[in-house]
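Each remark here refers to the structure printed beneath this line.
The values are calculated or read from the model by the stated rules, or taken from the named source; none is laboratory data. Predicted, not measured: the structure shown is a model, and the values here were computed from it. Here the Cβ positions follow ideal geometry from the backbone for every residue, glycine too, while neighbour counts run over all protein chains shown.
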Amino acid sequence: MGNIGSRAQFEWHGKTYNLIEAAGCFDCWDTWRIMLADEFMNPIVILPFETPLGSSSFANPNIIFSNRNGKPEFIVSMFMPLEGNDLKEFGNLVYSVDLPPELGDCPTETS
């Protein structure tokens, strides 16, 4: 990876994880991706985010847990830079990830 940037730490089932923005090469804004890492910042996987129009460059990850209307979910937000994304898709991106009820115990945000 060329650059490491913003991080968002959270706990899930007693383990600490981090979402990290990481670039594939130095000063290549179109290669920013979001990586899942463990509590020691060891990479686990580059998350395969892609929008319907094929945008794939993301930065500034944030994550919170919600139990909206009794349904457990993660709310994730990121910034989509102009570089590496469709011209119709850049700026802030917010979405939710529904969790199966059996996995819905409340994780903890740590940063």
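Below are the figures for this structure:
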{"item": "Condition check for LEU53: touching a Phe, Trp or Tyr at 6+ places or on another chain (Cβ under 7 Å), at pLDDT 90 or above and over 20 Å from ASN18 (Cβ atoms)", "result": "no"}
{"item": "Strands (runs of 3 or more DSSP E) wholly inside segment 1-59 containing at least 2 residues that are touching a Ser or Thr at 6+ places or on another chain (Cβ under 9 Å), among the charged types (D, E, K, R) and over 20 Å from SER96 (Cβ atoms)", "result": "33-38"}
{"item": "Where a residue in segment 1-21 is closer than 17 Å to ILE46 by Cα and surrounded by 17 or more Cβ atoms within 10 Å (Cβ to Cβ) and its partner, wherever it lies, is modelled with pLDDT under 95 and basic (Lys, Arg), with Cβ under 6 Å and at least six apart", "result": "ASN18/ARG7; ILE20/ARG7"}
{"item": "Lone qualifier among ILE64, ILE34, ILE75, ILE46 - being within 15 Å of GLY5 (Cα to Cα) and exposed (fewer than 15 other Cβ atoms within 10 Å of the Cβ)", "result": "ILE46"}
